[in-house]
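A.B. asks: What follows is a structure written as structure tokens; I'll ask about it next.
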Amino acid sequence: MFQSLWRSIEGEVSGRAAARAVAEVARFHRIQASPGFRRAAEWLCERLRQAGLEARILTFPAEVGPSFWSCASFQEWDARHGMLHLVEPAHQAGKLADYRDLPLHLVVRSLSFDGEAEVVVLDKGEDPAEYEGLDVRGKVVLARGAVQRVHDLAVVRRGAVGLIYDGMTETEPVRPVWGLPDAVQYTSFWWQGRQPSGFGFAITPRQGERLRRLAREQTLRVRARVDARLYDGTFEVVEATIPGATDEEVVLVAHLCHPQPSANDNGSGVAALLEAATALAGLVRRGALNPPYRTIRFLWLPEMTGTFAYLSAHEARIPRMVAGLNLDMVGQDQAQCGSSLLFEQPPHALANFTAVLLSRLRQHLLPEVTGFSKTGGYPLFRTADVPFGAGSDHYIFSDPSVGVPMPMIIQWPDRYYHTSADTPDRVDPRMMARVGGLAAVYGYWLAQAGADEARWLAREVSTHFRRQMLATVQSAVTEADEAEGVGRESLRRQLEYQAACQREALESVRRLAAVEVAALAAEDAEFARAEWARAADLLPDRPAPAAEEVEGSAFVPRRRSRGPLQIADAVGRLDEAGRDRWWDLQRRIGKVSGVLPVLAGYWSDGERSVARIAELIRCETGWSETALLTEYFRGLEEMG
């Protein structure tokens, strides 16, 4: 079914050309709503037109006021100069950071400044207690903590003129403490909901440690000069199409933004999607592939912001988007980066066929060698299917209020993620060819799929579900003798939940053709019941976990906008105590997972209580967090 299509596309895709395109993208300082991003968009649009695609650049307002669903726009930013010198102690004087050497040295959206200031050294700078007894007014704060939080505490509340960040996010096990001592972390200010103020520089951990040692014995002074401005402007979305015979669409997405160089994140996704589009357009133009039944639409956007803007401007088109795919950080040289090629499933709240299709393509097309006895096949690189994790543009499309099924291909973890060390030499041309080719096969197959393909896909979804049922039941039996093991009733509820998701996944196949799936869904539900009955005697008669008794959990949240909730504006308008409370809540949520509030939003349909939402999340992830979710929703309510 896929092999002939794969051979055609594999013969057209060039991993080396894609890797060269990554290097070209990496030349641009691609900050959302900036001249650098615009130049990258213009370069990309020209490349697409040269390849014979219908391509254009869409513009959206980058200014305070407009919103795209709940996502507030923001002003365009342009930086011309940014330099930081240590001036005292005199015998240690010298340049610390230069925007011309490395744009990442200047915290994104910094404002102009020209002058000298004393440096106050903190640890993280995220806790108000760190500032007790210190006067930071008119000074520069050196801290390792989250830039947005340090800015709030030091600049907004206490009058510091700016900050120096010397932190480096740990990503175990590939980036341990002090794993990249000479790299600079990507940092940025976001001004939604507050008045822009101050500047920031990012330096390496090694530079920061030197300053910290000096500060134990001597006063530090720096001279900072920043020439940068915020102004009403625009941001861009690049759009290209291979027209189909109907008004239905398959949507393939990659975000174009991030600072120079940002090669794997996300120059690799940009280039892989460019290669997929170029290959398909060439094959269709020469008649090697038929023109697609559905339009294949390619989008390169500012991450999140661009997707919100594009979808809110094209709401009438959304119901015709049958499925999509997001490419983010796909080109890593795994030996250097420590990463694995991951195929991330959509959330259970939008159960659909796409993850099963993508998994089948991965298993069918990516094996590179056969076993010692010439049987079987497997890839020589790390790869896996993984649950939904949000964090990129697919999480907007996959929101049930939007309803466009969209998995993601990504590599994680990455030793060089969001640092100055994310350079084009970390990109593997072979990986670029694999992902570009796989994306092209996925997009074209969906664009051509009719009744026969839909019937095959429904059976594939059913087969995948039954394997999942067998694994779920056997895991429960294996763990039955453990103190926290699953009992009969808990397993029954879990299987009923999974069967309900399966019904939705089978129904989603009808996006491709009006095939019969009800009988298959009934058979799958009966299969799940039969598996439970077979295992029941092997499981303890342990009661299912009782729902947490949490005050306020009967509260029924109702969304006020389409798409995932964006709350930066609302948080920025809170008073100091409110911002502290919200910071603490986000910190506690982060200890569970940053995806927790995303899933909570997905399951909010205006009828489910917080307790019911928490139960559905427990079924999806295993997390039991009713109290935390109740506090989260109450916080959202207080912010309006």
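The values are calculated or read from the model by the stated rules, or taken from the named source; none is laboratory data. Please read these numbers as outputs of a predicted model, since none were measured by experiment. Note that each Cβ is placed from the backbone with ideal geometry, even for glycine, and that neighbours are counted across all protein chains shown.
A.B. asks: Return a yes/no flag: does region 218-235 have any residue that is outside any strand (DSSP E or B) and under 20 Å from ASP127 (Cβ atoms).
C.D. replies: no
Conditions (1) in contact with a Ser or Thr (Cβ under 6 Å, 6 or more places away or on another chain); (2) at pLDDT below 95; (3) basic (Lys, Arg), marked per residue:
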site: ARG542; (1), (2), (3): no, yes, yes
site: SER561; (1), (2), (3): yes, yes, no
site: GLY606; (1), (2), (3): no, no, no
site: ARG612; (1), (2), (3): no, no, yes
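A.B. asks: Can I ask one more? Quick check, is LEU211 farther than 19 Å from LYS139 by Cα and not in a loop (DSSP other than H, G, I, E, B)?
C.D. replies: It is false that LEU211 is farther than 19 Å from LYS139 by Cα and not in a loop (DSSP other than H, G, I, E, B).
A.B. asks: Output yes when any residue across region 378-398 is free of Cβ contacts under 8 Å to residues at least 12 places away in the same chain and either among the hydroxyl-bearing types (Ser, Thr, Tyr) or loosely packed, with under 15 Cβ neighbours inside 10 Å (or both), and no when none is. Talk me through it step by step, then tell me what you get.
C.D. replies: To start, the set of residues in region 378-398 that are free of Cβ contacts under 8 Å to residues at least 12 places away in the same chain comprises 378.
Then drop every residue that is not either among the hydroxyl-bearing types (Ser, Thr, Tyr) or loosely packed, with under 15 Cβ neighbours inside 10 Å (or both), which leaves 378.
Checking region 378-398: at least one residue is free of Cβ contacts under 8 Å to residues at least 12 places away in the same chain and either among the hydroxyl-bearing types (Ser, Thr, Tyr) or loosely packed, with under 15 Cβ neighbours inside 10 Å (or both).
A.B. asks: Considering only region 527-616, give the helices (runs of 4 or more DSSP H) lying wholly within it that have at least 2 residues that are outside the structural domain of GLU126 (by TED's automatic domain parsing), under 30 Å from SER73 (Cα atoms) and of a type in the set (D, E, K, R). It would help to see each step written out before you state the result.
C.D. replies: Values: elements: 568-572, 576-592, 596-603.
Answer list for region 527-616: 576-592.
A.B. asks: Could you list, in sequence order, all residues of region 478-488 that are in a helix (DSSP H, G or I) and surrounded by fewer than 16 Cβ atoms within 10 Å (Cβ to Cβ)?
C.D. replies: Selection gives THR478 alone.
A.B. asks: Among (1) under 29 Å from SER67 (Cβ atoms); (2) out of contact with any strand residue (DSSP E or B) (no Cβ under 8 Å at 6 or more places or on another chain); (3) in a helix (DSSP H, G or I); (4) of a type outside the set (Val, Ile, Thr), there is one condition GLY269 misses while meeting the rest; what is its number?
C.D. replies: Answer for GLY269: the failing condition is (2).
A.B. asks: Can you list residue pairs whose Cβ atoms sit under 6 Å apart, with the first residue in region 148-175 being assigned to a strand (DSSP E or B) and the second being charged (D, E, K, R)? Count only pairs 6 or more apart in sequence or on different chains.
C.D. replies: Going by the 6 Å Cβ cut-off, the qualifying pairs are ARG175/ARG415.
A.B. asks: Next up: I'd like to verify a number: residues in region 322-341 that are part of a helix (DSSP H, G or I) and of a type in the set (A, V, I, L, M, F, W, C), how many?
C.D. replies: Narrowing region 322-341 to residues part of a helix (DSSP H, G or I): 334-337.
Then drop every residue that is not of a type in the set (A, V, I, L, M, F, W, C), which leaves 335, 337.
Going through region 322-341 one residue at a time, the tally reaches 2.
A.B. asks: Taking only pairs six or more apart or across chains, which ones have beta-carbon atoms under 7 Å, a first residue in region 416-444 that is in the same structural domain as ALA279 (by TED's automatic domain parsing), and a second residue that is charged (D, E, K, R) and assigned to a loop (DSSP other than H, G, I, E, B)?
C.D. replies: TYR416/ASP422; ARG426/ASP333; VAL427/ASP333; ASP428/ASP333
A.B. asks: Among the residues that make up region 40-58, is at least one of them within 30 Å of ALA451 (Cα to Cα), of a type in the set (Asp, Glu), in contact with a Ser or Thr (Cβ under 9 Å, 6 or more places away or on another chain) and not in a loop (DSSP other than H, G, I, E, B)?
C.D. replies: Yes, region 40-58 contains at least one residue that is within 30 Å of ALA451 (Cα to Cα), of a type in the set (Asp, Glu), in contact with a Ser or Thr (Cβ under 9 Å, 6 or more places away or on another chain) and not in a loop (DSSP other than H, G, I, E, B).
A.B. asks: Can you spot a residue in region 75-91 that is at positive phi, outside the structural domain of ALA271 (by TED's automatic domain parsing) and not in a strand (DSSP E or B)?
C.D. replies: no
A.B. asks: Tell me which residues, restricted to region 339-376, are of a type in the set (S, T, N, Q) and either within 14 Å of ALA323 (Cβ to Cβ) or touching a residue at least 12 places away in the same chain (Cβ under 8 Å) (or both). Steps first, please.
C.D. replies: Residues of region 339-376 that are of a type in the set (S, T, N, Q), as a first pass: 339-340, 345, 352, 354, 359, 363, 370, 373, 375.
Answer for region 339-376, where residues must be of a type in the set (S, T, N, Q) and either within 14 Å of ALA323 (Cβ to Cβ) or touching a residue at least 12 places away in the same chain (Cβ under 8 Å) (or both): SER339, SER340, GLN345, ASN352, THR354, SER359.
A.B. asks: Now for a separate question. For region 7-27, indicate whether the set of residues that are over 30 Å from LEU365 (Cα atoms), of a type outside the set (Gly, Ala, Ser) and under 26 Å from the mean Cα position of the chain (by Cα) is non-empty.
C.D. replies: So far as region 7-27 goes, yes, one or more of its residues are over 30 Å from LEU365 (Cα atoms), of a type outside the set (Gly, Ala, Ser) and under 26 Å from the mean Cα position of the chain (by Cα).
A.B. asks: May I ask you to list the residues in region 357-408 that are among the hydroxyl-bearing types (Ser, Thr, Tyr), in contact with a Pro (Cβ under 8 Å, 6 or more places away or on another chain) and over 25 Å from ARG7 (Cβ atoms)?
C.D. replies: Taking region 357-408 first, the residues among the hydroxyl-bearing types (Ser, Thr, Tyr) are 359, 370, 373, 375, 378, 383, 392, 395, 398, 401.
Filter once more, keeping what is in contact with a Pro (Cβ under 8 Å, 6 or more places away or on another chain): 378, 395, 398.
Within region 357-408, TYR395, SER398 meet the criteria.
A.B. asks: Please enumerate the residues belonging to region 402-418 that are surrounded by fewer than 24 Cβ atoms within 10 Å (Cβ to Cβ) and not in a loop (DSSP other than H, G, I, E, B).
C.D. replies: Result: TRP412, single match.
A.B. asks: Also: In region 352-401, which residues are under 26 Å from TRP456 (Cα atoms), assigned to a helix (DSSP H, G or I) and aromatic (Phe, Trp, Tyr)?
C.D. replies: Hit for region 352-401 is PHE397, nothing else.
A.B. asks: Looking at PRO405, PRO319, PRO367 in this structure, which one is closer than 25 Å to GLU496 by Cα, of a type outside the set (Ser, Thr, Tyr) and not assigned by TED's automatic domain parsing to the domain that holds LEU457?
C.D. replies: Being closer than 25 Å to GLU496 by Cα, of a type outside the set (Ser, Thr, Tyr) and not assigned by TED's automatic domain parsing to the domain that holds LEU457 holds for just one of PRO405, PRO319, PRO367, which is PRO405.
A.B. asks: Oh, and also: Restricting to region 173-200, and then to whatever is closer than 21 Å to ARG415 by Cβ and in contact with a Gly (Cβ under 7 Å, 6 or more places away or on another chain), can you tell me which residue is surrounded by the most Cβ atoms within 10 Å (Cβ to Cβ)?
C.D. replies: Top of the filtered list is THR187.
A.B. asks: Now, a different point. When you look at VAL461, is it outside the structural domain of SER624 (by TED's automatic domain parsing), part of a helix (DSSP H, G or I), under 18 Å from ALA518 (Cβ atoms) and not aromatic (Phe, Trp, Tyr), yes or no? Please lay out each step first, then the result.
C.D. replies: Values: outside the structural domain of SER624 (by TED's automatic domain parsing): yes; part of a helix (DSSP H, G or I): yes; under 18 Å from ALA518 (Cβ atoms): yes; not aromatic (Phe, Trp, Tyr): yes.
Yes: the conditions hold for VAL461.
A.B. asks: Just the residues that are farther than 17 Å from GLY198 by Cα and buried (at least 18 other Cβ atoms within 10 Å of the Cβ), please, taken from region 75-101.
C.D. replies: Once the filter is applied, which keeps residues that are farther than 17 Å from GLY198 by Cα and buried (at least 18 other Cβ atoms within 10 Å of the Cβ), region 75-101 yields LEU86, LEU96.
A.B. asks: Here's something else I'd like to know. In region 526-535, is there at least one residue being touching a Lys or Arg at 6+ places or on another chain (Cβ under 6 Å), closer than 30 Å to LEU470 by Cβ and either buried (at least 16 other Cβ atoms within 10 Å of the Cβ) or of a type in the set (S, T, N, Q) (or both)?
C.D. replies: yes
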